[in-house]
Structure formats: structure tokens, C-alpha cells
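Data first, discussion second: the structure below is written as C-alpha cells.
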Amino acid sequence: MDTNDIASDLTEVLVTPEAIKGRLAEMARDIEAHYGDTTPLLVGVLKGAVMVMADLSRELKIPVEMDWMAVSSYGNDHKSSGVVQILKDLDTDLEGRDVLIVEDIVDTGLTLSWLLGNFESRGAKSVKVATLLRKPEAMQVELDLDWVGFDIPNAFVVGYGLDYANKYRNVSGVGVLKPSVYGG
Ligand code: IMP
């Protein structure tokens, strides 16, 4: 479905499907140039990164491997707890690998900061990050993000993999959720 289908739950549409497609293609050209002949291991963080992983990986014109990790830092609420728990670990040994973490959104940056440390401790040769969205005003840690699709305001957004209470993931664009929907 599109943001039009949930218009009454949104205050505004931030990113259209067309803008996402165009930006992912630009990021892909840059990522290809960076990796050259090496085959990166793309690691998607479930469940939010499913859409960006599917579209970014298909846009890439280099061979990649893919793996998934599930962590929890939000629960069912709309505020970051900062506590990261592994719900599903990787199947791949990271020793000597060039890892590209594929994220839907970097909000406080706490989850990613924890993941970066965790992957480096497993012996990855390099760990880079590609995220579709970033909320610069919400970041609580200093993080070097290698590829960022769009910087967005510090608001709670849904769509394109991003949820509120597991809803709205299948919306093709990204919009700001009305505070009344989450009781704000
Ligand atoms: P962090 O605050 O950067 O650690 O973000 C952790 C996770 O919270 C992200 O990977 C998303 O799954 C989720 N998240 C952060 N901001 C939003 C939002 O605006 N909408 C939906 N999920 C979000």
C-alpha cells in the first residue's frame, strides 16, 4: 500500500517510493565503486531493514552475500530503550569479512553503535554502514555513517519497513505518524 492508503494516520509524507528508488540507485553506484572486486557481506537488521535490503541489494551490480540479525531495542513502544538484545544471531563467521550493515533508520544510534562494536569484536576486516534514513537531531552517539539516504526530522516515522507496533511496514513510502496514533 501507499502513504495515501494511511493518509489519516500521517501528518505528512517525507519520502516517496520514487525518491527512495532514485536515492538507493545513487548509493549503490557509490557502494559498488567502494567494494570493487571484493564481495561484501550485507547484514540486514530485522525486521525494519527488509525493504531497504531487498531493494539496495538488487540495485547493486556486484556479487554480495546476505545475512540477517534480529535485535530488539524498541519493544512495542515508540521510544528507544537503548538496551540491545540479540533475538537472532548471524549464521556467517565474520572473521576477515567486509561487512556492510544495511539499516532502515539511525535514530539515537545506540543500536548501531552496539552492532559496530560487536562485529569488530568478531574479527570483521571492515564494517561499514548504509542506512536509508537518519535523524541527525536524535543521535546520542557520534557515528561515522558511510552511506545515508535521507536526513529526516526528529519525528516518529513509519513505512518502507518501519513500523509502529508491527504495522505500516508494507507502506511503500515513508511518513510521519500522527502522535494521536501512538497516544502521544
Ligand atoms: P536507534 O535509536 O538508532 O538505536 O534505533 C533503533 C531502531 O529503532 C531502528 O533500527 C528502528 O527499528 C527503530 N526506530 C527508530 N526510529 C524509528 C521511527 O521513527 N519509526 C520506526 N522505528 C524507528
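Quick note: the coordinates plus some simple rules give every number you see, no bench work behind them. What you are looking at is a predicted structure, and each value in this text was computed from that prediction instead of being measured. Here Cβ is always computed from backbone atoms with ideal geometry, including for glycine, and neighbour counts include all displayed protein chains.
Some observations on this one:
- Within the straight-line cut-off of under 24 Å between alpha carbons, the lysines reachable from LYS167 are LYS21, LYS47, LYS79, LYS88, LYS135, LYS178, sequence neighbours fewer than 8 places apart in one chain being disregarded.
- In degrees, nearest ten, helix 110-121 long axis to first principal axis of the chain (Cα): 10
- Theoretical FRET efficiency, 1/(1+(r/R0)^6), r = Cβ-Cβ of TYR182 and ILE86, R0 45 Å, to 0.05: 0.95
- For the chain, the pair-distance distribution built from all alpha carbon pairs, in bins 5 Å wide starting at 0, is 1, 8, 17, 22, 21, 16, 9, 4, 2, 0 percent.
- Spin-label model, ASP37/ALA7: points 7 Å from Cα along the beta carbon direction are separated by 5.4 nm.
- Distant alpha-carbon pairs in the range 1-102 (separation over 18 angstrom), percent: 60
- Annotation: the antiparallel percentage among DSSP beta bridges lying fully within the chain is about 35.
- Rounded to the nearest 20 debye, dipole of the chain from Cβ charges on Lys, Arg, Asp, Glu: 300
- Where labels lie 7 Å past Cα in the beta-carbon direction, separation of SER126 and ARG29 in nm: 2.0
- Here's how it looks for ASP98: its modeled amide H is under 5 Å from those of LEU41, LYS125, SER126, which are all 5 or more places away or on a different chain.
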